[in-house]
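Undergrad: Here it is, the structure, as structure tokens.
Nothing in this text is a laboratory measurement; each read-out follows from the coordinates by a stated rule. Fair warning: this is a prediction, and the values are worked out from it, not measured in the lab. As a convention, Cβ positions derive from the backbone with ideal geometry for all residues, glycine included, and neighbour counts pool all protein chains shown.
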Amino acid sequence: MRQAGAIVHSVLTRVRELAAPGVTTADMNAVAEEMIADAGGIALFKGVENPQAEIPFPAALCTSVNEELVHGVPGDKALAEGDIVSVDCGVLLGGYCGDSATTIAVGSISAKVQHLLDTTSGALALAIEKMRPGLMWSEVATEMQSYVEAEGLSVVREFVGHGIGKEMHEEPKVPNYWDKAQRRMDYELVPGLVLAVEPMVNLGSRDVDYAGPGLWAVVTKDGQPAAHFEHTLAVTETGVEILTDGN
């Protein structure tokens, strides 16, 4: 999984370098597809089906711009100064998966949008800091939610992280918030458990929906920007290891 994660890390590093006004998300995806193929990997997202969408997902990357939260399809519209683009990448290598995401500023962005990015990445960093054997996931999720909401931002409910291993999406589900309705799905962090932890945070309301009938992209209902960060994390005997940081 670390080897698959290393490819994902390399792709996201390169895409971050490419992100600039005038570059398209299709340009980013073309580079990603070439890098994944050259490394002997398989793009996990390409060909995935969704009952909501008219077509299987057509690309290696999810590229979600501004008010798009997740599952944006790469296209020919050029990025502009002040945009943000969330890039999600998954790779299968040797029968095991790696999955990671980052949100990238295109040129100079507003202070409030930078705060959104800092808080969302901070929620992921907080989860990494807190995760250890014997803790219940609810304890981590509660701290993530409290941190984000204390910063005046909203945690998305409809989309969550997931277990990961030989398949991209495995049990358990990994919410970035906690409430009483989820008590039955709580679980203990134990050595060997691998989770894709991926906080998704909105600048405005937490409400999201599909961009339209038959479309993949999920957008904020109020049209304000959203951010998304993710790492594949393995619980160890002493804490947690990041499998998608390139180390």
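Undergrad: In a GNM of the chain with a 10 Å cut-off on Cα contacts, which of 144, 200, 136 has the highest mean-square fluctuation?
TA: 136
Undergrad: Quick check on the chain: what does the Kirkwood estimate of hydrodynamic radius come out to from the alpha carbon pairs, in Å? Working shown, then result.
TA: Values: mean 1/r = 0.0558 Å⁻¹.
Final number for the Kirkwood radius of the chain is 17.9 Å.
Undergrad: Quick check on the chain: helices-only [θ] at 222 nm, where DSSP H runs of length 4 and up contribute -39,500 (n - 2.57) each and the sum goes over total residues. Nearest 500, please.
TA: Values: 4 runs with 65 residues, N = 247.
About -9000 deg cm²/dmol.
Undergrad: Would you list which lysines come within 28 Å of residue 173, measuring only between C-alpha atoms, while excluding same-chain residues fewer than 8 positions from it?
TA: 46, 130, 221
Undergrad: Also: List the residues, sorted by chain then number, that are 5 or more residues from residue 75 or on another chain and whose placed amide H is less than 5 Å from its amide H.
TA: Under 5 Å from the amide H of residue 75: 25, 26.
Undergrad: How long are the semi-axes of the equivalent ellipsoid of region 137-229, defined as square roots of 5 times the Cα gyration tensor eigenvalues? Whole Å, largest first.
TA: Calculated on Cα positions only, the semi-axes equal 24, 18, 11 Å.
Undergrad: Could you name the aspartates and glutamates in cross-link range of residue 166, using Cα to Cα under 13 Å and dropping any fewer than eight places away on the same chain?
TA: Leaving aside aspartates and glutamates fewer than 8 places away in the same chain, those within reach of residue 166 are 99.
Undergrad: For a label point 7 angstrom out from the Cα of residue 247 toward its Cβ, which stretches of region 127-158 have the backbone nitrogen within less than 14 Å?
TA: The answer is 128-129, whose backbone nitrogens lie closer than 14 Å to the label point.
Undergrad: Using r as the Cβ-Cβ distance of residue 23 and residue 171, and R0 as 41 Å, what FRET efficiency do you calculate, to the nearest 0.05?
TA: Efficiency for this residue pair is about 0.65.
Undergrad: Give the span of region 25-140's Cα atoms along each principal axis, as three whole-Å numbers ordered largest to smallest.
TA: Sorted from largest, the Cα extents of region 25-140 read 40, 39, 31 Å.
Undergrad: Can I ask one more? Give, rounded to the nearest 20 debye, the magnitude of the charge dipole that the chain has about its Cα centre when Lys and Arg contribute +1 at Cβ and Asp and Glu contribute -1 at Cβ.
TA: That gives the chain a dipole magnitude of about 260 debye.
Undergrad: While we're here: Would you mind ranking 62, 89 by Cβ crowding within 10 Å, fewest neighbours first?
TA: Neighbour counts put them in this order, fewest first: 62, 89.
Undergrad: Now for a different question. Residue 136 to residue 34: extension gain in nm, 0.36 nm per residue of separation minus the Cα-Cα distance?
TA: 32.7 nm
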